[in-house]
Each structure stands twice: as structure tokens, then as C-alpha cells.
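Undergrad: One structure is given below, represented as C-alpha cells, and several questions about it will come after.
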Amino acid sequence: MAIAALTDTERNDALAMLPAWTLREDGLAIGRTLRFADFGEAFAFMTRVAIEAEKADHHPEWFNVYNRVEITLTTHDAGGLSQRDVTLARFIDAVARGADA
Ligand SMILES: C[C@H](O)[C@H](O)[C@H]1CNC2=NC(N)=NC(=O)C2=N1
């Protein structure tokens, strides 16, 4: 399904609302690393995000080791960042609440 990539202005405005996220050097993805109390907390978080990702048909790239979850958001169908990444990032921020690594 085709979806438009954000313009530079849209991307910068979105990032201003997502201070926990880092723009990847190529500008095509954003990332955030989270650290939880233990694996159970990390996996509970991942489960909540997975359910939301399925609902939205928009899925994170992520890597988990024990209590750490590294997340990359990009839209393959847009070849870069789209509004779907911004929406998922905001959901993740709400679920993660201060679990920054
Ligand atoms: C067929 C299916 O709708 C697409 O492949 C969806 C699934 N999840 C997706 N997730 C992400 N991150 N980017 C996409 O472009 C994407 N496309």
C-alpha cells in the first residue's frame, strides 16, 4: 500500500514532538532504545506494541536482549518516514513512559 513520505518540514515538526527519538543518519528512520526492569517487563511492552502494530498494519523493526529493546521505525512502503511512524512512536512513548536506556 502506497503512503507518502513526510516532507522535511513535516518530519522536523514531528521530531520536535518526539524528543526521545533519534533521527537515523540517512534521515529515513527514527530510533529509540528502552530499558525495563527485566525481560518480563520488556516483553509485556513488546506485546502491547505488537497488538497495536497489527491493528495499524505498521510494524516496528526491533531488537531485544533481556530488558533492553532497541526500536527502529520506518515505512518501507514510503521509502522513509511517514505519518504512521509518528503515530506508532507516540503510542510507544505512551506505553513506555520513561523507560529510556
Ligand atoms: C502488506 C502490508 O500491509 C505491508 O507490508 C505493511 C506491513 N507493515 C509495515 N510496516 C512498516 N514499518 N512499513 C511498511 O511499509 C509496512 N507495510
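Every number in this text was worked out from the coordinates using simple rules, so none of it is lab data. In this text, all values refer to a predicted model and were calculated from it rather than measured experimentally. With ideal geometry, Cβ positions are generated from the backbone for all residues, glycine too; neighbour counts draw on all protein chains shown.
Undergrad: Whole-Hz ³J(HN,Hα) for each residue in region 79-92, computed from phi via Karplus 6.51 cos²θ - 1.76 cosθ + 1.60 with θ = phi - 60°, x for glycine and proline: what do you get?
TA: My calculation for region 79-92 gives x, x, 7, 10, 4, 5, 5, 5, 5, 5, 4, 5, 4, 4 Hz in order.
Undergrad: Okay, moving on. Of the options G79, T47, I30, report the single residue whose Cα projects farthest towards the positive end of the charge dipole of the chain (beta-carbon charges: Lys, Arg +1; Asp, Glu -1).
TA: T47
Undergrad: Here's a follow-up. How large is the convex hull of the C-alpha atoms of the chain per residue, in Å³?
TA: 86 Å³
Undergrad: Normalised by the number of residues in the chain, what is the relative contact order in percent for Cα pairs under 8 Å and 6+ residues apart?
TA: Relative contact order of the chain: 37 percent.
Undergrad: Tabulate in residue order the Karplus-calculated ³J(HN,Hα) for region 16-30, using 6.51 cos²θ - 1.76 cosθ + 1.60 with θ = phi - 60°, rounded to whole Hz; enter x for Gly and Pro.
TA: 4, 8, 10, x, 7, 9, 10, 6, 5, 4, 7, x, 9, 7, 10
Undergrad: Work out, step by step, the length gained on full extension between T47 and A94: first 0.36 nm times the residue separation, then minus their alpha carbon distance; give nm to one decimal.
TA: 15.5 nm
Undergrad: What are the chymotrypsin sites (Phe, Trp or Tyr not before Pro) within region 49-97 that DSSP puts in a loop, where the Cβ has at most 13 other Cβ atoms within 10 Å?
TA: Y66
Undergrad: Follow-up. Could you give the dipole magnitude of the chain about its Cα centre, charging the beta-carbon of Lys and Arg +1 and that of Asp and Glu -1, in debye to the nearest 20?
TA: With Lys and Arg at +1 and Asp and Glu at -1, about 260 debye.
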